[in-house]
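K.L.:
To start, I am sharing the structure in question, which I have written as structure tokens.
Derivation of every value follows stated rules applied to the coordinates shown; laboratory data play no part. Bear in mind that the values here come from a model prediction, so they are computed numbers and not experimental data. When we count neighbours, we look across all protein chains shown, and the Cβ atoms used for this are built from the backbone with ideal geometry, even at glycine.
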Amino acid sequence: MDYMGDRVILTHEKWEEKATIHPELKNNTFLRNLKQTIENPEQVWEDKDNKWERRCYYKKYSTNSYVKAVVLIKSKPCCIISAFETNCIKETQYSDIRQVK
């Protein structure tokens, strides 16, 4: 469940696909932090490319990085379509999108 009470899933197929690009998805500590990011994000932003269908959830992961989860919100349950470690909140660079939380 995310911070708004919506069910969010990461399918095994999507996990396998994304883990080839983002090997941190094979790390149990990262996966626990991903779950915490969905349940209690520090920031949530509209997605730059598709603000009506996706949201980007962020939570501090380490001193220099965040967990970022891109969630498809138009489906029920909502689906994680990507998740990875990043060094900044990229959406703050754009003026045409807004912070949701």
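K.L.:
Treat each spin label as a single point 7 Å out from the Cα along the C-beta direction, and report the ILE97 to ASN64 distance in nm.
P.N.:
Label at ILE97, label at ASN64, 2.4 nm between them.
K.L.:
Tally Lys and Arg at +1 and Asp and Glu at -1 over the other residues with C-beta under 15 Å from the C-beta of ARG32: what net charge comes out?
P.N.:
With Lys, Arg at +1 and Asp, Glu at -1, the neighbours total +1.
K.L.:
When the helix-only estimate is applied to the chain (DSSP H runs of n ≥ 4, each -39,500 (n - 2.57), divided by the residue count), what is the mean residue ellipticity at 222 nm, nearest 500 deg cm²/dmol?
P.N.:
Working: 2 runs with 22 residues, N = 101.
Computed mean residue ellipticity for the chain: -6500 deg cm²/dmol.
K.L.:
What percent do you get for the relative contact order of the chain when only Cα pairs under 8 Å and 6+ apart count?
P.N.:
Working: 185 pairs, mean separation 29.4, N = 101.
This gives 29 percent for the chain.
K.L.:
Tell me, what is the FRET efficiency for CYS88 and ASN40 to the nearest 0.05, using R0 = 35 angstrom and their Cβ-Cβ distance as r?
P.N.:
0.95
K.L.:
Given charges of +1 on the Cβ of Lys and Arg and -1 on the Cβ of Asp and Glu, with all other atoms neutral, how large is the dipole of the chain about its Cα centre, in debye to the nearest 20?
P.N.:
Dipole about the Cα centre, nearest 20: 180 debye.
K.L.:
Here's a follow-up. Set the Förster distance to 25 Å, then compute FRET efficiency between ASN27 and TRP52 from the Cβ-Cβ distance, nearest 0.05.
P.N.:
On the way: r = 32 Å, r/R0 = 1.28.
After rounding, the FRET efficiency stands at 0.20.
K.L.:
Also, I was wondering about something else. Give me the log10 of I(q) over I(0) for region 48-99 at q = 0.25, 0.27, 0.30 Å⁻¹, as the Debye formula computes it from C-alpha points; what are the numbers?
P.N.:
-1.00, -1.09, -1.19
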